[in-house]
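To start, the structure under review is shown below, and the notes come after it.
No value in this document is a laboratory result; all are computed from the given coordinates. Values in this document were obtained by computation on a predicted structure and should not be read as measured data. When we count neighbours, we look across all protein chains shown, and the Cβ atoms used for this are built from the backbone with ideal geometry, even at glycine.
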Amino acid sequence: MGEIRTIGIVGAGQMGNGIAHVCALAGYEVLLNDVSPDQLTAALSLIDTNLGRQVSRNRISEADKAAALKRISTTLKLSDLGQSDLVIEAATERETVKQAIFEDLLPHLKPETILTSNTSSISITRLASRTDRPEKFMGFHFMNPVPVMQLVELIRGIATDEETFASCKSVVDRLGKTAATAEDFPAFIVNRILMPMINEAVYTLYEGVGSVRSIDESMKLGANHPMGPLELADFIGLDTCLAIMNVLHDGLADTKYRPCPLLTKYVEAGWLGRKTERGFYDYRGEVPVPTR
């Protein structure tokens, strides 16, 4: 397998634009795809802003920023990603959506192209089995926000070969990040530990043990967490938290992973956190205000 030079990214949302940012900065040619032209425009603008922030903090030079932006191209056609050496799917955390993307991509791929998914919880083995190259398929899970967070989870499916793993590990190394190898079980490492903690914080609120503010302050000041669990849930997106808890509950069949009814209620209300301006906090004013 040759060296990876070109990276195709599916999805220009919160994760996709961050992945494009770090890959371009590391010297890869990046082709960013989305179904929405507005999303692609917004992604390029955000990447420009975030690179500018790194320049202002003397982490990179103006020349580095200009070179990185020059390496990013965009396309509305998924088929254009077919000639990439590596494809990273960073679309919505819904298995049917991801399967449809890989199905549409397959006819356009080079035989040697590696396929990966940025999924935070869905079975890599199952996604890989729906493609023509399960041995060249991996989980490539970045943490949010991508330019800041140092960890990448690399998840082998049951069929993933050693060459594919080595190629993906070399990309992580070149990005200046640290790879954690995870087995392909529901939610992998980070979310297997993090999401039940968030879910328990929601239960603590649901059962009236503490208020939103007291729960978050307790974990920040009592456990030295940089962000309280409910504040963190809003940052991640309550729909994403619920989806991962459902994957854990369904995949491991253990009642300890049962999503809190209050978390379900917030998602039903469309109060998904920061992205909808309401979750466990209301973000519509100058200062976030607890909603319970």
With Cα springs under 10 Å, the Gaussian network model of the chain assigns the largest mean-square fluctuation among LEU238, LEU252, LEU175 to LEU252
Net charge near LEU76: determine it from the other residues with C-beta under 12 Å of the C-beta of LEU76, scoring Lys and Arg +1 and Asp and Glu -1.
-2
CD proxy, 222 nm, the chain: helix-only mean residue ellipticity via -39,500 (n - 2.57) per DSSP H run with n ≥ 4, per residue, nearest 500, stands at -14000 deg cm²/dmol
Along the Cα→Cβ direction, 7 angstrom out, place labels at LYS169 and ILE189. What is the inter-label distance in nm?
1.3 nm
Answer with one residue from SER123, ALA180, SER84: the one whose Cα lies farthest towards the positive end of the charge dipole of the chain, charges on Cβ with Lys, Arg +1 and Asp, Glu -1.
ALA180
P(r) of segment 94-193 over all Cα-Cα pairs, binned every 5 Å from zero, in whole percent:
2, 14, 25, 24, 20, 12, 2, 0
Dipole in debye (nearest 20) - the chain, about Cα centre, beta carbon charges: Lys, Arg +1; Asp, Glu -1
480 debye
If each residue of separation counts as 0.36 nm, what is the full-extension length gain between HIS108 and SER56 once their alpha-carbon separation is subtracted?
14.7 nm
For the chain, list log₁₀ I(q)/I(0) at each q in 0.13 Å⁻¹, using the Debye formula over Cα point scatterers of equal strength and ignoring solvent, two decimals each.
-0.94
Starting from the Cα of ALA223, move 7 Å in the Cα-to-Cβ direction to define the label point; list residues of segment 113-152 whose amide nitrogen is under 13 Å from there.
none
Are there GluC sites (Glu not before Pro) in segment 1-63 that DSSP puts in a loop and that have at most 13 other Cβ atoms within 10 Å, and which ones?
GLU3
Summing +1 per Lys or Arg and -1 per Asp or Glu among the other residues with Cβ less than 14 Å from ASN50's Cβ gives +2
Looking only at lysines whose Cα falls under 21 Å of LYS256's and that sit 8 or more positions away or on another chain, we get LYS265
Charge-dipole axis of segment 104-254 as Lys and Arg at +1 and Asp and Glu at -1 on Cβ define it, positive-most pick from VAL171, PHE235, TYR206:
VAL171
Please give the Cα centre distance for segment 184-198 versus segment 89-146, rounded to the nearest Å.
19 Å
Using Cα-Cα distances under 8 Å and only pairs 6 or more residues apart, what relative contact order does the chain have, in percent?
13 percent
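Please give the net charge around THR119, taking every other residue with its beta carbon less than 14 angstrom from that of THR119, where Lys and Arg add +1 and Asp and Glu add -1. Intermediate results must be reported in sequence, preceding the final value.
Values: positive: ARG94, LYS98, ARG126, ARG130, ARG156, ARG192; negative: GLU89, GLU93, GLU95, GLU153, ASP184.
Charge balance near THR119 sits at +1.
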